[in-house]
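Peer 1: Structure incoming, see below.
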Amino acid sequence: MQTSRWNAILIPVLAVILGLIVGGLLMLLMGYNPIVGYSSVFQGIFGNMYFMGETLRAVTPLIFAGLAVAFAFRTGLFNIGVEGQFIIGQLAAAWVGAFWTLPTGLHAAVAILVAMIASGLYGGFAGWLKARLGVHEVITTIMLNYVALFAANWTIRTYLIGASERSKDILPSASLQAQWLSDLFEGARINWGLLLALIFALVCYWLLMKTTTGYELRAVGFNPHAAEYAGMNVSKNIFLSMLISGALAGIGGATDVLGVNGNMAISAGFTGIGFDGIAVALIGNNNPFGVIFGALLFGGLSFGADNMQRVEGIPTESIQIVISMVIYFVAAASVVNWLLGKFRRRQGVSQK
Amino acid sequence: MNFADMLITILNGTIIFSTPLILAALGGVINERSGVVNIGLEGLMTVGAFAAAVITIWTGETLGLPGWLAPYLGIIAAMIVGMIFAVPHAVASIDLKADQVVSGVALNIFAAGVAMFLVKKLFEGAGQTTTVQNVFTKVNIPFLSDIPIIGPGLLKIYPTSYLAFILVAVIYWMLFKTPFGLRLRAVGEHPRAADTLGVSVRKVRYIAVILSGGLAGIGGGTLSIAISSNFQHSTVSGHGFMALAAMIFGKWHPVGAMGAALFFGLATALAVSGQVLGLTQYVPSEFLNALPYLLTILALAGVVGRAEAPAASGKPYEKGSR
Amino acid sequence: GTSNNKADNNTQGGTTGGKKMTIAMVTDVGGIHDNSFNQSANEGLDRASKDLGIEKKVAESKRAEDYTPNLNSFVKGGNTDLTWGIGFLMADDIKKVALANPNSKLAIIDSDLSGDIPKNVEAVTFNENEGSFLMGVLAAKMSKTHKVGFVGGVKFALIEKFEYGFKAGVKAVDPTAQVTAVYADAFDKPDKGKLLASQLYQQGDDIIFHAAGATGDGVFAEAKERGAGYWVIGVDRDQYDLAPKNTLSSMVKRVDNAVYDVAKDLQAGKFEGGTVRTFSLKDGGVDYAPTTKNNTPQDVITLMDDYKKKIIDGSIKVPATADEFNNFK
Amino acid sequence: MPAVVEMLGITKRFNGFTANDNINLIVQKGEIHALLGENGAGKSTLMNTLFGLYQPDEGEIRIRGERVNITDPNMANRLGIGMVHQHFMLVEPFTVTENIILGMEPKLGAKIDIRKAERQVQELSDRYGLRVDPKAKIRDISVGMQQRVEILKTLYRGAEILIFDEPTAVLTPQEIGELMQIMKNLVSEGKTIIFITHKLKEIMAVCDTCTIIRKGQYIGSVAIQDTNVDDLASKMVGRHVTFEVDKTPAQPKGPVLQVQNLVVEGNRGADALRGLSLEVRAGEILGIAGIEGNGQSELIEAITGLRKIKSGSVLLNNKPIENKKTRQIVEAGVGHIPEDRHKHGLVLDYTIGENMVLQTYYQSPFAKRGVLRYNAIYEYARKLIKQFDVRTPSEFTPARALSGGNQQKGIIAREVDRNPDLLIAAQPTRGLDVGAIEFIHKKLVEQRDAGKAVLLISLELDEILNVSDRIAVIYEGQIVGIVQPEETDHDQLGLMMAGGGKGKGGK
Ligand SMILES: Nc1ncnc2c1ncn2[C@@H]1O[C@H](COP(=O)(O)OP(=O)(O)OP(=O)(O)O)[C@@H](O)[C@H]1O
Ligand SMILES: Nc1ncnc2c1ncn2[C@@H]1O[C@H](COP(=O)(O)OP(=O)(O)OP(=O)(O)O)[C@@H](O)[C@H]1O
Ligand SMILES: [Mg+2]
Ligand SMILES: [Mg+2]
């Protein structure tokens, strides 16, 4: 028991280290000094309070995206549509934040709620299609990503437009920013969204592991046939799972608008956050707390990598390669397991 | 534009748009039929697109090989590079029993990083290759391409499109008529059964994943040398995922995948002609551009119905486990 | 007012002290090698570092949220003398960073910050509509079918400047000619660009002007494949190299010159904070590419030059939006 | 002449657990050699070792007197060893022929010569009397035919030594009879068979020798003519086993389940139930006898709300339940031990504790306002595990890791303890050893004695005859007769099941 819990932490950590080592070797191969590179990445994350704050800001939407992917995964569904659901969440929050008038605090809460509902339904639509008509969720969610992108651009241009191809700024009453927090981090845009992300990770864990709803969702994910025989409504659960997954993505989108940008831009392409969410969820082994770890790792590395370019002029592609190595070794944790086993065995022998 | 002209362009557009999707989706079919999920198609297409552009430029413009030959060499290079990049995914999902989705995600990130890094290295810091001068040109099939409408529309197309259609047939034949295909499908459905009959699950899956890399690589290659005439970070933007969708839409069948890709190409071509014909006066361009995606959902919901993935797809096979 | 003075003092101290000047730029999500304005800005800085001896620093943004931290990382350290934000998408971020750091200097390409420009920001815009007008003239003159096309990336106001300038140019020369404007809703989809171009050509358009980034690569590819008689007009930089036999001209936009000029001024102690600096036909900020002559007869070029004069002297006011275009002449 | 198979001192461990501990197995050429042991005794493990799927940790194997190292199934094939696995190794979407030739395909150029393959399959099939349709897809054929395909797979590879790992668990009595005949045919052709089964009668009927193992250990080998069923059973379990179900006559009360004129569509569109009527009363066990595929599964699914009812009525305690949701029906008092325990009975990735509340997780005391109370769940699980003697390391063990028998005990514990008015038990003892069967039958009778109605569906005529208080025979979607167990026998039931029976009709 004890060792297996230790392994749950040790293995990903070792996988990360192994990934960094292999990534470093590749960097060397590309003609850059990995020590210099890594230390500037480190600087870019921990160098000062501002960078730390911004790293956490960058991590926030990744936690939501990761949770969304992980939640669906836990119930046997592959939601590639987090990207689109995130966009819908942004859009809803931008609309409510800028066009509704409500008291401070409540305004933000309502905006988040509306975003949750909108993107929940958007994700739920894919779930409904699967449950009712058997349409594979991977296809629908891929398609719905594009639909969301185009729909959002059109809506912003037609109804929400403010300055320079962006929606109108949200009212201060809807903001998730906190001056003191921002001041603490030297003006970084870290905001209440991070707290929300942590809360929702807990909520996800609690919902999945501690409630009857979660029990049903997981049962359907593991074995829909047995779930049906036991009297659970499989279709309802597929819909519900995608609904919740979409809602999680939507909150991420909302915190992005309400906490960071204050508006939503017409966009020529995807944010990429939804796709990164897949990696984040899987690094975190689809466990809500693992997702936090995955988001910190993924978000931290890619944010810190910018510093490497700014300071050392090392292209960001090299850190991209490092990140891919880390993910690869997390995926292939058995390598680490195997190495660990060898190590332990040798230790065992030498102790005798 | 008269009706016939329009039809020709729409048919043409359909084929242009679907060619890379068909090729990559074929890769996906082989891959998943053998029981390995590959969401790394996007990355494989990326390195394929890169290799095709670079090799075509190098052989045609630097080495001065004949202009007609260079793009063929480019496509071959795309295939080889795709195969090479598929190897780590194969190792992870077959030998290391890794989560295949994660490994695919890693592959996507890795491929994009490597390709862009090398572009910058090779082209003096530029973010794209120089323009590929020796691109494929459409070929006529004598006599046949003189047939009205379908002649110029369907039969006067790129060699890569012919290649795609030929490969559909070849892979169909391979999967359903040859011993290797039988074994490949068996390994994807019930690896233990295959194993007890002495079929090496490992070997078959390795071959499938690597072949799949080659096909996705060619698919990417057609993007860079038959469509955009260069390679840059956005040359392969989401095509791998669309190919994945086509594979599922086509029920993991080569002909089905081709049908799905053609359907999607047709929807796109129609949406584009909607714009050209001035529909944007009535509906926003965003709507027209979203149309192919919506139509795909509609088609799936309305006509196609349920499809089952190969039973063992996504599951690493461990000897002696139950 | 006070903050601006402070900033000026600082620079003067810096430059007169003989310290090497540092200029940083933050690209938008297109990255430094976008074959477009980011790349052009980068070339301007390269030139500045060669000619003027400034030191250059670059940060590429991966997504919109990176703009602010990238800008801040240069601004906050206080060791850059000027920080560029490339692209109108960065307008908000520039403004906020500038207000929070009144001692530093910033500049932005392609945005006038809606007229509300902090004292420590120099805004740089281009009259793309003017250059596009000349392309319209060229297209109208050269088209045999009296049908020409426009392929836009995403329907931003900026891209509409290209569209309506172009349409106005066509209208000025050949009021009966038909212009079909289409949008790919993406700057990164060459396959879609190719499809759009193929349909435009098929319906009889013989010249297509694009303002669509990499999507435009597909337009070139289609023209090249179709061969003689199918023309493309490029954008931002001289795109003649993409298809020498099919490129009629390019509407060049000298972001590089703008960046270089601002650097030079800065070195000379001139920084026009709080203002918009507009580059136009007059100062060569926008223009037709020198390679235009390769495929265009001299009389047409002469005509373009005539119009150019009229625009410069103000006798033609080129529309930049749909409304202005509808009221044009 | 040396024995054809000698496995000497075989030991096989899985992560420290010893599945086979110094086991000997000596098989003579031309005999049918039974391998007997409780669930989890290590029979499959031993056979998988012989077939090259596992490598033994200790011991040696000799084939025809020669020491061999069987590294993989290919090697086994070359040595003439073929195996019919306990869990079918068939590729469902493939045809019979494709399954048989897989890995050894006849070729025509680069192509599979499918004509020739089909011909070969047909020839083999004719020669050994193994009726199969070479062109049919596995998913469309009966379990019996699937079994024959498995055998043909080994014969196609020229196997001389055939391992049959529990082939009869899923067969109907008719099919079992046919299989016995086939086995005799094979032996008369000079082949050798190792036969695993839990049904001692089968061993007595066809085998020559029997090797018994218990908990991974070698107990001994006996010649069949020197032994009997009781002796085998006690050797295998280590204690005396009763085969007669110990029960008093039923004292049925009012009807609990009334099914009238039920019409239900089957999977292929045609009606699977065609106006079926039956009644189960409180305090009785109604057994349904029938050949597989005559509507048994559809009947259960219709009663439990898993399949839509076209017409007819189902009353539970006089209240209609037709076309209600499964959950409502479960709550109304129906318990269900499903036929396929892995697919329908358990969530294998859940712990055995979590599986114990698969229908009741949302009810008090397992949940309060939507929140699970794991303490209550696991406390309950511990109680059931003890009460029903489910052998598991702990209540936190994933259900996947339990043996089939113990998985089944878990399901029975869950369904019985909910105390439903109607308990549907479908093939409750399939694949289980005699000890486990005894236990389960006892539990069913206890339910009956507690005044519950029990509906038993089984292909096992012995089970039907021993356990039921009344027997209804199902044929082509209708009940064709109802008989008392003490007034009937195998032959009569068999006749009725084949549609040729007499009976009291409908009810
Ligand atoms: N793959 C495995 N991993 C771990 N343990 C295993 C594995 N296979 C078998 N075992 C262990 O070996 C023991 C024997 O299993 P085996 O399948 O051989 O039993 P069996 O005699 O065939 O039972 P049954 O009659 O139910 O078929 C089991 O109790 C189990 O603990
Ligand atoms: N994944 C696993 N991990 C550990 N032990 C396992 C695993 N799978 C099976 N076993 C062990 O193998 C033994 C036999 O498993 P098996 O499923 O063959 O049981 P069985 O009694 O043969 O069931 P059935 O009656 O369904 O054939 C069990 O006792 C179980 O402990
Ligand atoms: Mg067994
Ligand atoms: Mg068993």
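The values are calculated or read from the model by the stated rules, or taken from the named source; none is laboratory data. Keep in mind that this is a model prediction, so the values were computed, not measured. A quick note on method: Cβ atoms are made from the backbone with ideal geometry, for glycine too, and the neighbour counts reach across all protein chains shown. Accessible surface areas use protein heavy atoms only, side chains included; no ligands, DNA or RNA. Shrake-Rupley method; radii C 1.70, N 1.55, O 1.52, S 1.80 Å.
Peer 1: In debye, nearest 20, what is the charge dipole magnitude of chain A about its Cα centre with +1 on Lys and Arg Cβ and -1 on Asp and Glu Cβ, if you could check?
Peer 2: 1080
Peer 1: For chain D, with every protein chain kept in place, what is the accessible area per residue (1.4 Å probe, Å²)?
Peer 2: With the other protein chains kept in place, chain D gives 40 Å² per residue.
Peer 1: Also, I was wondering about something else. Assign one of three labels to chain D, namely rounded, prolate or oblate, based on the Cα gyration tensor with a ≥ b ≥ c the square roots of its eigenvalues; rounded applies when a/c is under 1.5, prolate when it is not and a/b is larger than b/c, and oblate otherwise.
Peer 2: prolate
Peer 1: Here's a follow-up. Pop out the Kirkwood hydrodynamic radius of the protein assembly as shown from its pairwise C-alpha distances, inverse of mean 1/r, in Å to one decimal.
Peer 2: It works out to 35.8 Å.
Peer 1: Okay, moving on. On average, how many beta carbons from a partner chain sit within 10 Å of the beta carbon of a residue in C:102-114?
Peer 2: Taking all residues of C:102-114 together, the mean is 1.
Peer 1: Here's another thing I want to ask about it. Please give the FRET efficiency for residue A:178 paired with residue C:116, using the beta carbon to beta carbon distance and R0 = 25 Å, rounded to the nearest 0.05.
Peer 2: 0.45
Peer 1: How large is the dipole of the range D:255-497 about the Cα centre if only Lys and Arg carry +1 and Asp and Glu carry -1, each at its Cβ, rounded to the nearest 20 debye?
Peer 2: Magnitude of the dipole: close to 1380 debye.
Peer 1: Take each complete run of DSSP H in chain A, measure how far its Cα atoms stretch along the helix's own axis, and keep only those covering 24 Å or more with mean Kyte-Doolittle hydropathy at least -1.0; list them.
Peer 2: Correct list, ordered by number: A:2-29, A:49-74, A:82-99, A:106-133, A:137-155, A:192-210, A:234-255, A:288-307, A:333-351.
Peer 1: Any idea how far apart residue D:174 and residue C:313 come out in nm if each label point goes 7 Å out from Cα toward Cβ?
Peer 2: 10.6
Peer 1: While we're on this one: Place a label point 7 angstrom from the Cα of residue D:391 along the Cα-to-Cβ direction, then list the residues of the range D:24-50 whose backbone nitrogen is under 11 Å away.
Peer 2: Once the point is set 7 Å along Cα→Cβ of residue D:391, D:38-42 turn out to lie under 11 Å by backbone N, inside the range D:24-50.
Peer 1: Now for a different question. Once you sort the root eigenvalues of the Cα gyration tensor of the range B:1-157 as a ≥ b ≥ c, which label holds: rounded (a/c under 1.5), prolate (a/b larger than b/c) or oblate (the other case)?
Peer 2: oblate
Peer 1: What is the packing order of peptides D:261-267, D:442-448, taking the mean over residues of other C-beta atoms within 10 Å and listing the highest first?
Peer 2: D:442-448, D:261-267
Peer 1: For chain B, modelled as a GNM with alpha-carbon contacts under 10 angstrom, which of B:284, B:292, B:88 fluctuates the most?
Peer 2: B:284
Peer 1: May I ask for the distance between the Cα centers of the range D:423-494 and the range A:177-229, given as a whole number of Å?
Peer 2: Each part's Cα centre sits 50 Å from the other's.
Peer 1: As a test question: what accessible area, to the nearest 10 Å², does residue D:113 have when a 1.4 Å probe is rolled over all protein chains in place?
Peer 2: 30
Peer 1: Can I ask one more? When you count, for each residue, the other Cβ atoms within 10 Å and take the mean per peptide, how do B:191-200, C:123-132, C:98-107 rank with the highest first?
Peer 2: Packing proxy ranking, top to bottom: C:123-132, B:191-200, C:98-107.
Peer 1: While we're on this one: What is the average number of partner chain Cβ atoms found within 10 Å of a Cβ in D:131-139?
Peer 2: Averaged over the peptide's residues, the number is 0.
Peer 1: As a check on your grasp of the helix formula, calculate [θ] at 222 nm for the protein assembly as shown: sum -39500 (n - 2.57) over DSSP H runs of n ≥ 4, divide by the residue count, round to the nearest 500.
Peer 2: The per-residue figure over the protein assembly as shown is -16500 deg cm²/dmol.
Peer 1: Roughly what angle does helix B:285-299 make with the longest principal axis of chain B, taking Cα atoms, 0 to 90 degrees, to the nearest 10?
Peer 2: 40
Peer 1: Can I ask one more? Say each of residue D:369 and residue C:295 gets a label point 7 Å from the Cα, pointing the same way as Cα to Cβ; how far apart are those two points in nm?
Peer 2: Calculated label separation equals 7.4 nm.
Peer 1: Moving on to the next point. Distance in nm between label sites at residue D:189 and residue D:265, each 7 Å beyond Cα in the beta-carbon direction?
Peer 2: Label-label distance for residue D:189 and residue D:265, simple model: 4.4 nm.
Peer 1: If packing is taken as the average count of other Cβ atoms within 10 Å, what order do C:306-315, A:21-30, B:33-42, A:235-244 fall into, highest mean first?
Peer 2: B:33-42, A:235-244, A:21-30, C:306-315
Peer 1: Right, next: Determine the gain in length on full extension of the stretch residue A:209-residue A:340; use 0.36 nm per residue of separation and subtract their C-alpha separation, reporting nm with one decimal.
Peer 2: 44.2 nm
Peer 1: Work out the FRET efficiency for residue C:241 and residue A:13 from their Cβ-Cβ distance, taking R0 = 60 Å, and round it to the nearest 0.05.
Peer 2: It comes out at approximately 0.75.
Peer 1: At R0 = 22 Å, how high is the FRET efficiency between residue C:99 and residue A:186 if r is their beta carbon distance? Nearest 0.05 is fine.
Peer 2: Between residue C:99 and residue A:186 the formula returns 0.90.
Peer 1: Note the angle between two axes, namely the Cα long axis of helix C:215-226 and the longest principal axis of the Cα atoms of chain C, as a number of degrees from 0 to 90, rounded to the nearest 10.
Peer 2: Taking Cα atoms only, the helix is inclined about 30 degrees.
Peer 1: Output the 0 to 90 degree angle, nearest 10, between the alpha-carbon long axis of helix C:128-142 and the longest principal axis computed from the alpha carbons of chain C.
Peer 2: 20
Peer 1: Also, quick follow-up: Using a simple charge model, +1 on the beta-carbon of Lys and Arg, -1 on the beta-carbon of Asp and Glu, nothing else, what dipole does the protein assembly as shown show about its Cα centre, in debye to the nearest 20?
Peer 2: In total the dipole reaches around 1120 debye.
Peer 1: Shape of the range D:5-237 from its Cα gyration tensor (a ≥ b ≥ c, root eigenvalues): rounded if a/c is under 1.5, otherwise prolate when a/b > b/c, or oblate?
Peer 2: The shape class here is prolate.
Peer 1: Would you tell me the mean number of C-beta atoms belonging to other protein chains that fall within 10 Å of each C-beta in C:248-260, as a whole number?
Peer 2: 0
Peer 1: Taking every alpha carbon pair in the range D:68-158, what does the distance histogram look like in 10 angstrom bins from 0, in percent?
Peer 2: 17, 49, 29, 5
Peer 1: For chain C, how big is Rg over Rh, using alpha carbon atoms and the Kirkwood form of Rh?
Peer 2: 1.00
Peer 1: Over all alpha-carbon pairs of chain B, lay out the pair-distance distribution in 10 Å bins, whole %, shortest bin first.
Peer 2: All Cα pairs, binned at 10 Å, distribute as 7, 26, 32, 24, 10, 2, 0 percent.
Peer 1: Related question: Once the piece of chain linking residue D:66 and residue D:29 is laid out straight, how much longer is it, given 0.36 nm per residue of separation minus the C-alpha distance between them?
Peer 2: 11.9 nm
Peer 1: Using alpha carbon centroids, what distance separates the range C:191-255 and the range D:385-403, in Å?
Peer 2: Going from one Cα centre to the other spans 71 Å.
Peer 1: For chain A, what is the Kirkwood estimate of the hydrodynamic radius, computed as the reciprocal of the mean inverse distance between distinct Cα atoms, to one decimal in Å?
Peer 2: 21.2
Peer 1: Okay, moving on. Once you've got the Cα coordinates, tell me which of B:120/C:192; A:168/C:253; A:210/D:368; B:120/C:161 are over 21 Å apart.
Peer 2: Beyond 21 Å between Cα atoms: B:120/C:192; A:168/C:253; B:120/C:161.
Peer 1: Would you mind pulling out the separation of the Cα centroids of the range D:259-329 and the range C:271-329, in Å?
Peer 2: 83
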